[in-house]
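The values are calculated or read from the model by the stated rules, or taken from the named source; none is laboratory data. Note that the structure is predicted; figures quoted are calculated from it, not measured. Side chains are part of the model used for accessible areas, which takes the heavy atoms of the whole protein and leaves out ligands, DNA and RNA. Shrake-Rupley method; radii C 1.70, N 1.55, O 1.52, S 1.80 Å.
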Amino acid sequence: MTAALPRQAEPTGRRPGHAEDRRHMIRRRTLTLLIIVLLIGVPAGYLVISANQSRNAGKDKEAKYSATGLTRGWPSKVQRRLYQVPMPHPSGKVAYYETNNWKTSRLYVQFQTPNANLDVFLRDMGVERSDLKRGDITIGARDQKITGWRFTGAGPWYGLVHRQKDPKPTQDVVVSLADPDNPFVYVVSRTVP
């Protein structure tokens, strides 16, 4: 003797024995398609956008680190802190260049600043204006060649070397007072990693 199986309930919303009407079927398929597009399309679109941003960021970094010679703009705060180059605000005609190798890392910076800011810059670096020596070009020929700096124009020129115990950087500074109200400052800060 076989036991009788219970009857399965009829699906709700349908009349027994009637097929789904066309309007309801189209609405159900449209809703299913929309859900599939949202579940697959949105994440895929996000991945494409993210990949493009990542690639563009890589190109920006590549351009920055493949630069040879001075680049207009301010060095990053991390670079200024690492090389201890306390650039005063306001400053104009700012450019910088960084080189790194296993032996020595250097940050080259140039800027023009109001006369009062020269004292602030020197004091923040740990030296005084009186430490500047007239006619002393402390940035060597090698560093001048890398940056394209020429210290042969109108002067007067002043320079100093701020030596510090490792691991702190040593800074070579040359100042042009051709415009005494807005001196032009050149700095080479080098550190041994």
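A few remarks follow.
- Between 0 and 90°, nearest 10: helix 22-36 axis offset from the chain longest Cα axis: 30 degrees
- The chain - Kirkwood radius from inverse mean 1/r over Cα pairs (Å): 21.9 Å
- Taking the chain and dividing mean pair separation by its residue count, relative contact order in percent (alpha carbons under 8 Å, at least six apart): 18 percent
- Expressed as a whole percent, the accessible surface of segment 71-129 that belongs to carbon and sulfur atoms is 53, based on a 1.4 Å probe.
- Residue 30 contributes about 80 Å² of solvent-accessible surface, heavy atoms of the protein only, 1.4 Å probe.
- Three-way shape label, segment 105-193, alpha-carbon gyration tensor, a/c 1.5: oblate
- Summed over the residues of the chain and divided among them, the accessible surface reaches 70 Å² per residue at a probe radius of 1.4 Å.
- Comparing 135, 126, 45 in a Gaussian network model of the chain (Cα springs below 10 Å), the most mobile by mean-square fluctuation is 45.
- Taking 147, 104, 32 in turn, the Gaussian network model of the chain (Cα-Cα springs below 10 Å) assigns the largest fluctuation to 32.
- Among 160, 39, 107, the residue with the largest mean-square fluctuation in a Gaussian network model of the chain, with springs joining Cα atoms closer than 10 Å, is 39.
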